[in-house]
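Colleague: Structure in structure tokens, see below.
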Amino acid sequence: MAAVGTMAAMGPLPAMGALPPLPTLGVPGVPELKPLTRYEAMRLGPGWSHSCHAMLYAPNPGMLFGRIPLRYAVLMQMRFDGLLGFPGGFVDRRYWSLEDGLNRVLGLGLGCVRLTEADYLCSHLTEGPHRVVAHFYARQLTLEELHTIEISAVHSRDHGMEVMGMVRVPLYTQKDRMGGLPNFLANSFVGTAKFQLLFALKILNMVPEEKLAEAVAATQKPKKAAIDHAGGAAGHHHLHGHKAGNELAKAGNELAERAEQAGAEHLVGLEGQALAEQLAGAEALEQPPGLGADAVAEQAVAEAME
């Protein structure tokens, strides 16, 4: 079943008062992009570039570990630059329609799928210095068809070059509140890909909006506090060692002065030996054998993270 293409109409533009508001993402922590209709996008001047990308997905009745519903299989790809994105690319509107240009790019990366105007989902203006409008398409397939595309992608021209491989998006969240979708969203995405993923999951009712918000919020929880606390503990131990060493050194100086004034060489010998042992203990406190200051800090951080 193709994705809803209600925004794909190219007829006369209705009166502005009759236009329904375009859907927005509305997930806290994700910057909103400006939506526009396909008609508005096609009326943009020649100074605008057009990018077209597609999300291919299929209902997945599988259960992870026999208890976690997988819901859907959603395809993304790892790019040459280490960023996650959707199949597609820029389309030169001087020579291609949006769909023809998209299918030309998909043929290089996937090889066996063609999208139509009925698969059009949305368009958004991107942020940044470049004037780019991002068009997004979504096509629902069967799980068998999706698997065939995954196999075909390995034999495509771009595999191992511009595309490192296809990946499936986990649409569940494990009990630790990070496993699954939250950890996936913590990766780095190219351009509008992360926004488009969340937007499609919401608009196509693949993941409840509150679950999307929870997944995004989980990726934004501060982890720096625990690291700073561990680093502060390591620094405290380091400073404590310095302080103990300074105090013992001061005591040693006073002892030497008293011994010199009294001429008690035997006292100096006995107490000097005890002082040396205390100083050695202070040095061991400051920097344990085989464990430098950096290693102490790393050990404290590891304990805090556990």
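Colleague: Are there any pairs, at least 6 apart or on different chains, whose C-beta atoms fall under 6 Å, with the first in region 138-152 and at pLDDT 95 or above and the second open to solvent by 60 Å² or more (accessible area, probe 1.4 Å), and if so, which?
Modeller: Qualifying pairs under 6 Å: Q140/M1.
This table checks each residue for (1) basic (K, R); (2) touching a strand residue (DSSP E or B) at 6+ places or on another chain (Cβ under 7 Å).
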site	(1), (2)
L56	no, yes
G62	no, yes
L70	no, yes
L75	no, yes
D81	no, no
F90	no, yes
R93	yes, yes
D119	no, yes
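Colleague: Which one of these does A200 not meet: (1) closer than 25 Å to C112 by Cβ; (2) open to solvent by 10 Å² or more (accessible area, probe 1.4 Å); (3) of a type in the set (A, V, I, L, M, F, W, C)?
Modeller: (2)
Colleague: Then there's this: Report the residue count in region 174-197 for those that are over 19 Å from L83 (Cα atoms) and buried (at least 21 other Cβ atoms within 10 Å of the Cβ).
Modeller: Qualifying residue count, region 174-197: 0.
Colleague: From the list F86, F90, pick out the single residue that is touching a residue at least 40 places away in the same chain (Cβ under 8 Å), of a type in the set (A, V, I, L, M, F, W, C) and within 24 Å of M206 (Cα to Cα).
Modeller: F86
Colleague: OK, next. Which members of region 147-173 meet the condition of being over 17 Å from the mean Cα position of the chain (by Cα) and farther than 26 Å from N103 by Cα?
Modeller: Hits for region 147-173: nothing passes.
Colleague: Given the conditions (1) open to solvent by 20 Å² or more (accessible area, probe 1.4 Å); (2) under 24 Å from L108 (Cα atoms); (3) modelled with pLDDT of 95 or more, report the number of the one that A213 does not fulfil.
Modeller: (2)
Colleague: Still on this model: Could you grab me the full set of residues in region 62-83 that are closer than 17 Å to L143 by Cβ and either basic (K, R) or without any contact (Cβ under 8 Å) to a residue 40 or more places away in the chain (or both)?
Modeller: Once the filter is applied, which keeps residues that are closer than 17 Å to L143 by Cβ and either basic (K, R) or without any contact (Cβ under 8 Å) to a residue 40 or more places away in the chain (or both), region 62-83 yields G62, M63, R71.
Colleague: For region 135-149, how many residues are in a strand (DSSP E or B) and open to solvent by 60 Å² or more (accessible area, probe 1.4 Å)?
Modeller: Total meeting the criteria: 0.
Colleague: Let me ask something else. Looking only at residues in region 109-127 that are in a helix (DSSP H, G or I) and charged (D, E, K, R), which one is most open to solvent (accessible area, probe 1.4 Å)?
Modeller: E117
Colleague: Can you tell me how many residues within region 153-179 are part of a loop (DSSP other than H, G, I, E, B) and either acidic (D, E) or over 20 Å from V105 (Cβ atoms) (or both)?
Modeller: Final tally of qualifying residues: 12.
The values are calculated or read from the model by the stated rules, or taken from the named source; none is laboratory data. This one's a predicted model, so the numbers in the text were calculated from it and none came from an experiment. Neighbour counts are summed over all protein chains in view; Cβ atoms, including those assigned to glycine, are modelled from backbone coordinates with ideal geometry. Only protein heavy atoms, including side chains, enter the accessible area calculation; ligands, DNA and RNA are left aside. Shrake-Rupley method; radii C 1.70, N 1.55, O 1.52, S 1.80 Å.
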